[in-house]
Every structure is written in structure tokens, then in C-alpha cells.
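This report concerns only the one structure given below.
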Amino acid sequence: MNTTQTIDAKLLQKMIVSAALWLDEKKEMINELNVFPVPDGDTGTNMSLTMLFAAKEVEEVENVTIETIGKAFAGGALRGARGNSGVILSQLIRGFVKGLGTNDSVDARVLAKATKLAVATAYKAVMKPKEGTILTVAKEVSNIATILYKTATDAQSFLKEIITHGYSVLAQTQYMLPVLKEAGVVDAGGAGLMAIFEGAARVVLGEIDIEIKKTTSPKKAVAIEKFNTEDINFAYCTEFIVKKERKSYNEEKTKEYLSTIGDSLVVVSDDDYIKVHVHTNDPGLALTHALNFGALTSIKIENMKEQHTAIVNKEESKTIKKEIGFVSVATGAGFVKILESLRVDVIVEGGQTMNPSTEDIIDAIYKTQAKQVIIMPNNKNIILTANQAAKAVENIKVIVIPTESVVESISAMFVYDNSLTDIDEIANKMKATIDTITTAQITIAVRDTKIKGEKIKQGQYLGILENEIVSHNERLEDTFKDILSKLDTDSEIITIYYGEDIDEQTAIKYQQIATEVCPNSDIELHSGKQPVYYFIISAE
């Protein structure tokens with residue numbers, strides 16, 4: 001193996017792609033490190049989706065330099081960030097890229113500087129940093145890099161020593177946080193970060209070679225917005241490759257036939273393959289004709305009318321048409337219907353099982369077509385993403401209400417007075433309202449774990465009160481009664497939202513149970529049709 005003194009732009013490009021692929025391969029193992037045993041947007045999944053989005057941007061870079069690769073990496077990570085772990089990772093990447101600067105290549109000294117800026121940026125982004133997390137692993141890796149670069153002779157040995165030290169620090173995270181020590185696991189975010197380091201190093205160490213795959217579809221043309229969708233005569237952009245199996249192929253006759261069913265025709269061939277591009281209203285005719293000459297591969301059919309409509313809608317969504325708009329994150333047809341009835345402008349699909357990306361929320365902000373926007377993320381793991389989206393938009397004032405459940409956003413919208421135009425006043429009223437709401441949820445444990453001395457078994461029903469597991473039982477009814485008894489039984493209103501796995505008749509039965517447990521409260525029942533949670537309960 002030849003030693004590498006410096007890393008140039010093309011090698012850096014491959015390292016980023018390799019890191020994303022390696023993390024994606026390790027994501028389930030990282031997910032298993034999560035202490036909280038509920039089916040959620042797990043750390044490994046969120047970090048992997050963030051890195052894959054960023055890596056795709058990196059692959060698309062045309063003029064490959066350290067600066068252009070870094071810009072694509074940081075921008076992609078910011079827009080693709082999902083969950084708290086994805087947002088923290090995006091901030092590490094942002095600082096790292098800043099440290100790379102505009103050099104033609106980077107050596108150990110520059111890498112050490114970049115890791116230092118990465119750590120500073122990430123720590124600044126987290127309001128209350130905790131040691132024993134991804135931040136600790138990043139900090140200690142940076143510290144060792146700052147020491148090692150002074151005597152480093154090549155990139156291979158430099159990266160090996162950093163990774164060895166990083167895994168040693170990762171092992172220690174188990175003893176830094178009580179919750180990790182009790183569960184007997186290391187920090188999942190730290191494990192994800194080490195997978196990124198390891199994946200990147202594999203290219204430098206010669207363990208893997210990465211082929212950069214740019215998409216073959218043309219870039220979006222500005223001119224596409226200047227005509228009506230109805231002006232597209234042939235709707236389907238159809239591309240495919242034929243592996244020749246018959247000698248009867250005649251290129252001129254093939255072009256002549258395809259020109260009768262479409263336009264924008266391109267046909268090229270060699271001794272083994274035929275590649276076809278055609279815009280047509282009947283892709284099936286083109287494919288059927290091609291089967292006369294051999295087997296089809298690499299078939300791609302895109303509806304250009306739908307693509308054009310989507311582009312136009314996206315541009316129109318940036319037109320300001322109202323003063324104040326609302327964005328809420330939710331999943332479940334019942335909850336969506338309720339939020340729409342309360343005048344929430346845009347509902348982002350997502351929640352516990354799939355955290356939306358920063359870009360998803362940015363798009364939602366523009367879709368409100370409002371001068372000022374209030375976002376309700378409805379999940380602890382989405383609040384950082386919402387904050388990041390709020391900072392990324394231009395010419396729109398955005399306030400994030402730190403709602404941790406969809407029922408909090410429902411209560412917040414109930415107090416909204418549309419005669420008010422001061423967004424700060426509206427936000428303050430909403431924040432005051434959610435402070436009066438107590439939220440409980442019932443789900444099922446997806447893994448064995450131990451939390452605060454309680455051994456939780458996979459398959460048990462979990463009662464979660466204000467994000468703390470307070471009950472676990474073998475029977476759903478026992479957990480339901482238990483969680484209700486731990487609520488304020490003198491609450492004026494208790495609202496039960498039942499999920500997609502509970503039918504209406506069963507839900508009515510549980511409403512009656514709630515009436516018996518909480519006789520002094522008005523019990524309301526609604527269909528949330530949410531996944532993951534059998535019941536979501538609010539008390540106010």
C-alpha cells in the first residue's frame with residue numbers, strides 16, 4: 001500500500017461517500033444501542049439518512065475542489081439533517097468544512113484544525129451539551145488529532161491512531177452517563193460518528209475503492225417554469241438499455257418507429273447494447289418494440305407533467321399571500337384532520353418513527369405563503385431540526401414552539417386568535433398553553449433494557465408520562481389504568497386519542513375505563529389513527 005501524504009479533492013469526495021455507505025451498513029447495530037426501548041426515529045437511521053443526503057450532494061459536484069466538495073457536504077448535511085443526532089452531525093460537518101478552507105489538498109495539520117472547528121461549532125449549537133455523547137467522542141478525537149499531526153508522517157497512520165483512540169473514548173461513554181451504564185451500552189451517536197470516521201478511512205487505507213456515481217438525468221432548466229404544463233405534448237421521459245440478443249436490429253428503422261410515438265429521440269448503439277431516450281405518451285409501445293432485439297435493463301420512466309407541476313408549485317409556494325402561517329409535524333390521518341380543522345397551514349408527515357429532515361421543514365415554511373411562520377415540531381427529536389430550518393429560510397420570521405407531542409400543538413392552536421397579528425404575542429400565548437398540558441403515551445417495548453432499576457422486556461406495554469417511562473406491563477389495559485392513575489386525576493379535561501391498531505368499539509371501552517379512574521374529569525375521545533402509540537392522552 002502506497003502511503004498518502006495529503007488528501008486531494010477527489011480522494012476527499014470518495015472518503016465522504018464511503019463514510020455514508022459504511023454508516024448506512026452499520027445503522028441497525030447503532031439503533032440497537034438506543035436505551036429508550038420505543039420504536040422511534042433511531043440514532044443510526046437519522047445519522048445515516050443525514051449522511052446519505054450529504055454524500056449524494058457531494059457526488060453531484062462537477063468542478064471537484066476541496067472548496068466545492070466542502071460546500072456540497074455542509075449544505076447537504078444541513079438540508080438532509082434528521083433528528084437531534086442528524087442536526088448535531090450537520091453542525092460537526094459545517095465546522096469541519098470551515099476548517100478545510102480553500103486548500104488544494106489537506107494534510108494532517110489541516111485535518112486536526114478542521115476537527116477542532118467541528119467540535120466548537122457543534123458544542124455551540126447544543127443548548128445544554130452533555131458529556132458521554134457524540135460531542136465527547138468528537139472532542140476527544142479532535143484532541144488526539146491536534147497532538148498527532150505534529151509527528152504524523154502519512155495519512156494512513158494518522159487516521160489509524162485517531163480511530164483507535166476514538167473507539168477507546170467511545171467505550172468509556174458507557175461510564176459517563178448513568179443511563180448508559182445501567183443499560184450496559186455505549187452512546188449511539190458516538191458509535192455513529194466512529195462509523196463515519198472508519199468509513200472515510202477505509203478509502204485512504206486501500207480497503208475499498210469508491211466509484212462516484214453522478215445522476216444521468218439533466219439538471220432542472222429554468223425555462224421549464226416559463227410554459228404551461230398543458231404545453232407538454234409527450235408526458236413520459238422514457239430511457240432504457242437493450243442488451244442485444246438478435247441480429248435483426250436496424251437503427252434507422254428503430255428511430256423511424258420511435259419518432260411516430262414521441263419526440264426528443266436519442267438512439268445510440270454498439271455491438272452489444274442499444275441505449276434509447278424518447279419522450280412519449282405510451283412508454284409501453286417503446287419497450288415492447290425494444291424487446292424485439294433483446295433483454296431490457298436500466299429502465300427509467302418519469303412523468304414530466306408531474307415534475308413540471310411540482311416545480312411550478314414549489315416556486316409559487318414562495319409567494320407571500322398571508323401574514324401568519326402554521327406548520328405542524330404529525331402522523332396519523334385523524335391527527336392530520338384535527339390540525340387542518342384548527343387552521344394549520346402545512347402538516348409535515350413525520351414523528352416518532354420517521355423524523356422529517358431540515359429540508360422537509362424548510363419546504364413547509366415556504367408552502368404556508370406567510371410573512372411569519374410558527375412551527376410546532378411535536379417531538380423532542382425534531383425540535384433541533386425545526387430550529388435549524390428556521391435559521392435557514394430567508395425573509396420570513398419563524399418561531400419554533402417547542403411542542404413535544406401533537407396534542408400540545410392541538411391545544412396551542414385552540415388558543416390562537418386570528419385577530420392577532422403580532423407573532424411574538426401569539427407564540428407566547430401558545431407556549432403558556434402547552435405548559436399547562438400533561439401528555440401520556442402508551443406504546444410497546446421493541447427491545448429489552450433497564451431504566452432506573454426497572455427491567456423492561458421486549459413486547460411489554462409501556463406507559464410514558466412526560467417522556468419518562470412510568471409503567472410497563474404485559475397487558476394493555478393494565479398499562480392504561482396505571483398511566484391514568486399517574487395523571488392529575490382532577491384534571492378538568494382528559495382527551496384520549498386512539499391509534500391505528502385500536503378500533504372504535506375498543507376505544508369506547510377504554511373511554512369508560514378512563515371515566516372510572518378519573519371520575520372528576522370530562523373524558524373526550526378522538527381517533528388519531530397514529531402508528532406506534534396505542535393511545536396518546538392529554539390532561540389539562
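The values are calculated or read from the model by the stated rules, or taken from the named source; none is laboratory data. All values derive from a computational prediction rather than experimental measurement. Note that we place each Cβ from the backbone using ideal geometry, even for glycine, and neighbour counts take in every protein chain shown. For the accessible areas, the whole protein counts, side chains as well, though only heavy atoms, and no ligand, DNA or RNA atoms are used. Shrake-Rupley method; radii C 1.70, N 1.55, O 1.52, S 1.80 Å.
In the stretch 510-540, what residues are of a type in the set (Asp, Glu) and in contact with a strand residue (DSSP E or B) (Cβ under 7 Å, 6 or more places away or on another chain)? Let's see the steps before the verdict.
Of all residues in the stretch 510-540, those of a type in the set (Asp, Glu) come to 516, 522, 524, 540.
Listed by number, the residues that qualify are ASP522, GLU524, GLU540.
Condition check ((1) crowded, with 17+ Cβ neighbours inside 10 Å; (2) under 25 Å from GLY334 (Cα atoms); (3) free of Cβ contacts under 8 Å to residues at least 24 places away in the same chain) across all residues:
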| position | (1), (2), (3) |
| --- | --- |
| ARG447 | yes, no, no |
| LEU462 | yes, yes, no |
| LYS481 | yes, yes, no |
| ASP522 | no, yes, no |
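Going by what's in this entry, would ALA364 be described as under 26 Å from SER85 (Cβ atoms), open to solvent by 10 Å² or more (accessible area, probe 1.4 Å) and in contact with a strand residue (DSSP E or B) (Cβ under 6 Å, 6 or more places away or on another chain)? Steps first, answer last, please.
Numbers: under 26 Å from SER85 (Cβ atoms): yes; open to solvent by 10 Å² or more (accessible area, probe 1.4 Å): no; in contact with a strand residue (DSSP E or B) (Cβ under 6 Å, 6 or more places away or on another chain): yes.
Spelling it out, it is not the case that ALA364 is under 26 Å from SER85 (Cβ atoms), open to solvent by 10 Å² or more (accessible area, probe 1.4 Å) and in contact with a strand residue (DSSP E or B) (Cβ under 6 Å, 6 or more places away or on another chain).
Output the qualifying pairs, or none if there are none: Cβ atoms under 9 angstrom, residues six or more apart or on different chains, first residue in the stretch 59-73 and closer than 16 Å to SER18 by Cβ, second residue of a type in the set (Ser, Thr, Tyr) and open to solvent by 20 Å² or more (accessible area, probe 1.4 Å).
GLU59/THR215; VAL61/THR68
Are any residues in the stretch 253-268 in contact with a strand residue (DSSP E or B) (Cβ under 9 Å, 6 or more places away or on another chain), without any contact (Cβ under 8 Å) to a residue 24 or more places away in the chain and either under 17 Å from ILE299 (Cα atoms) or open to solvent by 80 Å² or more (accessible area, probe 1.4 Å) (or both), and if so, which ones? Before the answer, list the steps.
Narrowing the stretch 253-268 to residues in contact with a strand residue (DSSP E or B) (Cβ under 9 Å, 6 or more places away or on another chain): 254-255, 258-259, 261-268.
Still in the list and also without any contact (Cβ under 8 Å) to a residue 24 or more places away in the chain: 255, 259, 265-268.
Within the stretch 253-268, LEU265, VAL266, VAL267, VAL268 meet the criteria.
Quick one: which residue in LEU170, LEU180 is in a helix (DSSP H, G or I), open to solvent by less than 20 Å² (accessible area, probe 1.4 Å) and more than 13 Å from VAL141 (Cβ to Cβ)? Steps first, please.
Numbers: LEU170 fails: more than 13 Å from VAL141 (Cβ to Cβ).
Just a single option satisfies the conditions, and that option is LEU180.
Which one of these does ALA195 not meet: (1) surrounded by fewer than 20 Cβ atoms within 10 Å (Cβ to Cβ); (2) at pLDDT 95 or above?
If we test ALA195 against (1) surrounded by fewer than 20 Cβ atoms within 10 Å (Cβ to Cβ); (2) at pLDDT 95 or above, just (1) comes out false.
For the list (1) buried (at least 17 other Cβ atoms within 10 Å of the Cβ); (2) over 26 Å from ALA333 (Cα atoms), I need the number of the one condition that GLU425 fails.
The failed condition is (1).
For the stretch 524-540, what are the residues that are touching a Phe, Trp or Tyr at 6+ places or on another chain (Cβ under 8 Å), crowded, with 20+ Cβ neighbours inside 10 Å and not in a strand (DSSP E or B)?
Answer for the stretch 524-540, where residues must be touching a Phe, Trp or Tyr at 6+ places or on another chain (Cβ under 8 Å), crowded, with 20+ Cβ neighbours inside 10 Å and not in a strand (DSSP E or B): GLY528, GLN530, TYR534.
Could you identify the single residue in ALA81, ALA19 that is touching a Ser or Thr at 6+ places or on another chain (Cβ under 6 Å) and under 30 Å from ALA364 (Cβ atoms)? So that I can check it myself, show each step before the final result.
On the way: ALA19 fails: touching a Ser or Thr at 6+ places or on another chain (Cβ under 6 Å).
Every option except ALA81 fails the conditions.
Restricting to strands (runs of 3 or more DSSP E) lying wholly in the stretch 262-334: which have 3 or more residues that are modelled with pLDDT under 80 and among the polar types (S, T, N, Q)?
Numbers: elements: 262-269, 273-280, 294-303, 322-330.
Result: 294-303.
Under 9 Å by Cβ, and 6 or more places apart or on different chains, what pairs join a residue from the stretch 278-294 that is free of Cβ contacts under 8 Å to residues at least 40 places away in the same chain with one that is part of a helix (DSSP H, G or I) and open to solvent by 20 Å² or more (accessible area, probe 1.4 Å)?
That search, which allows pairs on different chains as well, returns LEU285/TYR257; HIS289/TYR257.
Every residue in the stretch 352-361 that is open to solvent by less than 10 Å² (accessible area, probe 1.4 Å) and either polar (S, T, N, Q) or within 17 Å of GLY332 (Cα to Cα) (or both), please. Spell out how you get there, then give the answer.
To start, the set of residues in the stretch 352-361 that are open to solvent by less than 10 Å² (accessible area, probe 1.4 Å) comprises 355-358, 361.
Result: ASN355, PRO356, SER357, THR358.
Out of the stretch 367-419, which residues are assigned to a loop (DSSP other than H, G, I, E, B), under 28 Å from GLY334 (Cβ atoms) and open to solvent by 30 Å² or more (accessible area, probe 1.4 Å)?
Within the stretch 367-419, the subset assigned to a loop (DSSP other than H, G, I, E, B) is 368-369, 377-382, 393-396, 401-405, 415-419.
With the extra rule that they be under 28 Å from GLY334 (Cβ atoms), the set shrinks to 368-369, 377-382, 401-405, 415-418.
Residues satisfying the conditions are GLN369, LYS380, ASN381, PRO402, GLU404, VAL415, TYR416, ASP417, ASN418.
If only one of THR436, THR506 is within 30 Å of GLU340 (Cα to Cα), in contact (Cβ under 8 Å) with a residue 60 or more places away in the chain and not basic (Lys, Arg), which one is it?
The match here is THR436.
Results for (1) out of contact with any strand residue (DSSP E or B) (no Cβ under 9 Å at 6 or more places or on another chain); (2) of a type outside the set (Val, Ile, Thr), shown as yes or no for each residue.
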| position | (1), (2) |
| --- | --- |
| VAL327 | no, no |
| VAL336 | no, no |
| ARG343 | no, yes |
| PRO356 | no, yes |
| LEU384 | yes, yes |
| LYS397 | no, yes |
